[in-house]
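First comes the structure, then the notes that go with it.
The values are calculated or read from the model by the stated rules, or taken from the named source; none is laboratory data. Only a predicted model underlies this, so the values are computations on that prediction, with no experimental measurement involved. Cβ atoms come from the backbone with ideal geometry, glycine included; neighbour counts cover every protein chain shown. All accessible areas refer to the heavy atoms of the entire protein, side chains included, with ligands and DNA or RNA removed. Shrake-Rupley method; radii C 1.70, N 1.55, O 1.52, S 1.80 Å.
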Amino acid sequence: MLLRLAWRNIWRNKRRTLITLGMIQFAVVLATLMATIRDGIMNIQVENVVGGYQGYAAINDTGYVEEPSIDYTVPYNDSVQSFLKSKNLIKSYSPRIIGGGIITIGEKFKIGRVVGVNPELEDSLTHFSKSLVKGRVLHSSGEVVLGLGLAERLKADIDSVVFITGMGYQGNTANLMLKVVGIMKLSNIQENKRLAFVTLEEAREGFALYDGVNQIVLGLRDNTKAKQSVKELKKQFTDPVQIYSWNELNVPLYMLVEVNDALNIIVSAMLYFIISFGLFGTILMMLAERKREFGMLIAIGMKKSKLSYITYLENTFMAVFGTALGFVIAIPVVYYLNQNPITLTGRNAEDIAKFGFEPLVKTSMNFNIFMWQAISVLGISLFFSLYPILKIRSMNENKAMKG
Amino acid sequence: MNVVETQNLEKLFIDAGTKVRAVDGVSINVEEGEFTAIVGPSGSGKTTLLNMIGGLDNPTKGKVQVDSVELTELSKNELIDFRLKNIGFVFQSYNLIPVLTAYENVEFVMLLQGRDSKERKARVNELLVAVGIADKAKNRPSKLSGGQQQRVAVARALAPKPKFIIADEPTANLDSKSASTLLDIMQQLNEKERITFLFSTHDQRVIDRARRVVTLTDGKITEDKKVDA
Ligand SMILES: Nc1ncnc2c1ncn2[C@@H]1O[C@H](COP(=O)(O)OP(=O)(O)O)[C@@H](O)[C@H]1O
Ligand SMILES: [Mg+2]
């Protein structure tokens, strides 16, 4: 009976109810879209930077985090390798020797990074063979694969001869002469402009690093759970401080993600602040309109708690239904933009690209975002539903009936 | 047997510094089955007296007993419950729940009391016939005339067979024909069901229907006379 009464009360002023529902719906759609687009753009960024070359987790010396110098090494022996192979959390791994140097072709040169890798292991981690735009992957010493940006800068082509002069392990000088066998496009725009891949053996010889490597990058079974996975691995590794998750290795990017999340919360909060006013207005109107009726109901013996319950049901229903309507629109749109990202073009796109962002509008299908929207709207409606309850509690039925 | 007994009932309002003794030492007994009018000019204290008897307002002084229960000793919530179980109300206006049909409005108090559905159905149908609204059972109040709405309110008050019914100027907003019809119905049901009616009015045609007329002047009973049918 109470339910029936609440239901009919909702529809007694259709226009007001529809306006309220529309307001909630609009806010949910807007907040959800904004949050998923922001989250999506950030995900692309993280995926490009972290999911590409950097990796979601890595083993390296603690000093290497502050100063990525070739002098900071970690062991890469049988016991380390068997650890890496035995852990289910680790899907793939790639040992790297990373040295800096001046990379020269003919008269053109650029300061870049030379990364010594085991081609098979590296491919299983970063699938870098798929990023090749020209040539092939590394087969043996004496070969180099350049990032596309670097290659363009050096006007390199397949078979170009590359000289690299740099600083080797513990002050040794490094001199390498290599032949370009491939050119690949790295998703991280910065790395694309400076990386040169050689074999691990080539780097060992060239940089005089005969023991250990600078970094072992880890591919995790579930990248979205990088932090937890790393925490788990730390417990099992002999030198726990040397395992890092991406957010520890790339603090600026992680801070950007955090700021973005905080912005999402602020923007959503502002939107919800606006609907709060709408909801509150509706509730005030409802109370004014029904004051006499409430007085009469209490007079004939309806418990205040029952009356409160009806108003509570009405407000909660509007909030839940409005949110549901919002999702009916938001979810398909979010899904569509997730499947069919919009590529921005023109000047704006160039500006975005300057910041190292890919000019792509893609939403994330992040369940947490939907859940938080729902929780927020429910929280707000719960909060505002308290107002009529308080009003009814202190209501004097005689006065209320006089209007 | 007395359904209502009051002793030296008094209500003092303090309104913007001025004191108004709206009800001033009223002692009155109402017996079961009475059809009693409280009369007096506007401002004489009729509403205030009925509110105290109906448990809607607390006396400043004095006692009110309904069916031997002292109302002044009940808490606010106990009073609400007491009203639900013992007293029927017909107000001057705004009696009905606008989103419920005539049928549902009559049923409402019985529902609040938790009566079973068979009993409710029989009783509501019986009363809708008795007040002449059976053909409009499915109409909402906005589709009923003022007189019809008051008849539904009477049926609602009667439905759970309360100890007595309080009606504060039930005809004040009605034309004389509707008022007369409503009084006919109240009288019939009073006789048939022996339910006590206590109503206030300042309309002479309504006063003529009462079998006991209590006159209030400035909050005091100045006349109390029984009229033989
Ligand atoms: N809530 C109130 N506050 C102050 N004075 C009131 C209040 N209710 C009634 N009164 C005063 O009490 C007196 C009796 O009022 P009431 O019982 O409504 O009379 P009646 O119903 O006979 O017209 C009037 O003078 C009125 O102004
Ligand atoms: Mg009055």
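Computed extension gain for A:L284 through A:Q81, at 0.36 nm per residue and net of the alpha carbon distance, reaches 66.2 nm. Under the combined filter of DSSP loop state and at most 11 neighbouring Cβ atoms within 10 Å, the range B:110-151 retains these trypsin sites (Lys or Arg not before Pro): B:K138. The fraction of accessible area contributed by carbon and sulfur in the range A:245-324 is 78 percent, rounded to a whole number (1.4 Å probe; ligands and nucleic acids excluded). Computed from phi, the 3J(HN,Hα) profile of the range A:53-59 under the Karplus parametrisation 6.51, -1.76, 1.60 (θ = phi - 60°) reads 6, 5, x, 7, 7, 7, 10 Hz, with x in place of Gly and Pro. Taking amide H positions as modeled 1.01 Å from N, with prolines and chain starts lacking one, the residues under 5 Å from B:I87 and 5 or more places away or on another chain are B:K163.
Remark: mean inter-chain Cβ contacts per residue of B:104-117 equal 2, using a 10 Å Cβ-Cβ cutoff to other protein chain atoms. The distance between label points at B:D135 and A:R16 comes to 3.5 nm (points 7 Å beyond Cα on the Cα→Cβ vector). Note on A:L256 and A:V361: the extension gain reaches 36.1 nm, defined as 0.36 nm multiplied by sequence separation minus the Cα-Cα distance. Connecting C-alpha atoms closer than 10 Å in a GNM of chain B, tell me which of B:G146, B:G17, B:G33 has the biggest fluctuation. Looking only at B:G146, B:G17, B:G33, the largest GNM fluctuation is found for B:G17.
The local environment of A:G99, defined by Cβ-Cβ distances under 13 Å, has a net charge of +1 under the rule Lys, Arg +1 and Asp, Glu -1.
Kirkwood radius for the range A:188-254, taken over all pairs of different Cα atoms as the inverse mean of 1/r, rounds to 14.5 Å. In order along the range A:150-167, the phi-based Karplus estimate (6.51 cos²θ - 1.76 cosθ + 1.60, θ = phi - 60°) of 3J(HN,Hα) comes to 5, 4, 5, 4, 8, 6, 7, 9, 4, 6, 4, 9, 10, 10, 10, 10, x, 9 Hz; Gly and Pro are listed as x.
The number of Lys pairs in the range B:1-132 with C-alpha atoms less than 30 Å apart, excluding pairs fewer than 8 positions apart on the same chain, is 21. Phi angles across the range A:15-32 convert, under the Karplus curve 6.51 cos²θ - 1.76 cosθ + 1.60 with θ = phi - 60°, into 3J(HN,Hα) values of 4, 5, 4, 5, 5, 4, 4, x, 5, 5, 4, 4, 4, 5, 4, 5, 5, 5 Hz, Gly and Pro given as x.
Summary of the geometry: the range A:71-89 and the range B:3-20, compared by the centres of their Cα atoms, lie 92 Å apart.
Counting only lysines at least 8 places from A:K225 when in the same chain, those with an alpha carbon closer than 18 Å to its own are A:K87, A:K91, A:K234, A:K235. Model label sites at B:F13 and A:R292, defined 7 Å from Cα along the beta-carbon direction, differ in position by 1.8 nm. Across the range A:258-380, Cα pairs under 8 Å and at least six residues apart give a relative contact order of 26 percent. Per-residue surface analysis assigns A:L2 an accessible area of about 30 Å², computed on protein heavy atoms at 1.4 Å probe radius.
Principal-axis analysis of the Cα atoms of chain A puts helix A:251-299 at an angle of about 10° to the longest axis.
Rounded to the nearest angstrom and listed largest first, the equivalent-ellipsoid semi-axes of the protein assembly as shown from its Cα gyration tensor are 89, 23, 19.
Antiparallel as a % of all DSSP beta bridges within the protein assembly as shown, to the nearest 5? Expressed as a percentage, antiparallel bridges in the protein assembly as shown total about 70. Heavy-atom accessible area with a 1.4 Å probe sorts B:S44, A:S124, largest first, into A:S124, B:S44. Each residue, A:I389 and A:T345, gets one label point 7 Å from its Cα in the Cβ direction; the gap between the two is 5.6 nm.
Heavy atoms only, probe 1.4 Å: what % of the accessible area of the range A:97-147 goes to carbon and sulfur, would you let me know?
Carbon plus sulfur share of accessible area: 55 percent.
Other residues whose C-beta falls under 15 angstrom from the C-beta of A:S69 contribute a net charge of -2, scoring Lys and Arg +1 and Asp and Glu -1. Against the main long axis of the alpha-carbon atoms of chain A, helix A:304-339 sits at an angle near 30°.
Let me have the relative contact order for chain A, percent, based on Cα pairs under 8 Å that are six or more residues apart.
Over chain A, the number comes to 25 percent.
Local charge sum around A:I59 (other residues, Cβ-Cβ under 13 Å, Lys/Arg +1, Asp/Glu -1)? Local charge sum for A:I59: 0. Take each residue of peptide B:87-99, count the partner chain Cβ atoms within 10 Å of its Cβ, and average: the result is 5. Whole Å is fine, so just give me how far the alpha carbon centre of the range A:226-246 lies from that of the range A:108-162. Comparing the Cα centres of the range A:226-246 and the range A:108-162, I get a distance of 30 Å. On a per residue basis, the protein assembly as shown carries 48 Å² of accessible surface, using protein heavy atoms and a 1.4 Å probe.
Can you give the accessible area buried between chains A and B, summed over both chains, with a 1.4 Å probe, in Å² to the nearest 100? Accessible area lost upon association: around 2200 Å². Using a probe of 1.4 Å, the accessible surface attributed to A:S131 totals some 30 Å² when neighbouring protein chains are kept in position. If the cut-off is a Cα-Cα distance under 24 Å, which lysines reach A:K155, setting aside same-chain residues fewer than 8 apart in sequence? Within the straight-line cut-off, A:K155 pairs with A:K108, A:K110, A:K130, A:K134, A:K179, A:K185, A:K193, A:K354. The GNM of chain A, with springs linking C-alpha atoms under 10 angstrom apart, assigns the highest mean-square fluctuation among A:W11, A:W246, A:W372 to A:W11.
Here the peptides A:260-272, A:373-385 are ranked by packing, the mean other Cβ count within 10 Å, and the order with the highest first is A:373-385, A:260-272. Any idea what angle helix A:226-236 forms with the longest principal axis of chain A, computed on alpha-carbon atoms, 0 to 90 degrees, nearest 10? That works out to roughly 60 degrees. Shielding value for A:193-205 is 0, the average number of Cβ atoms from other chains within 10 Å of each residue's Cβ.
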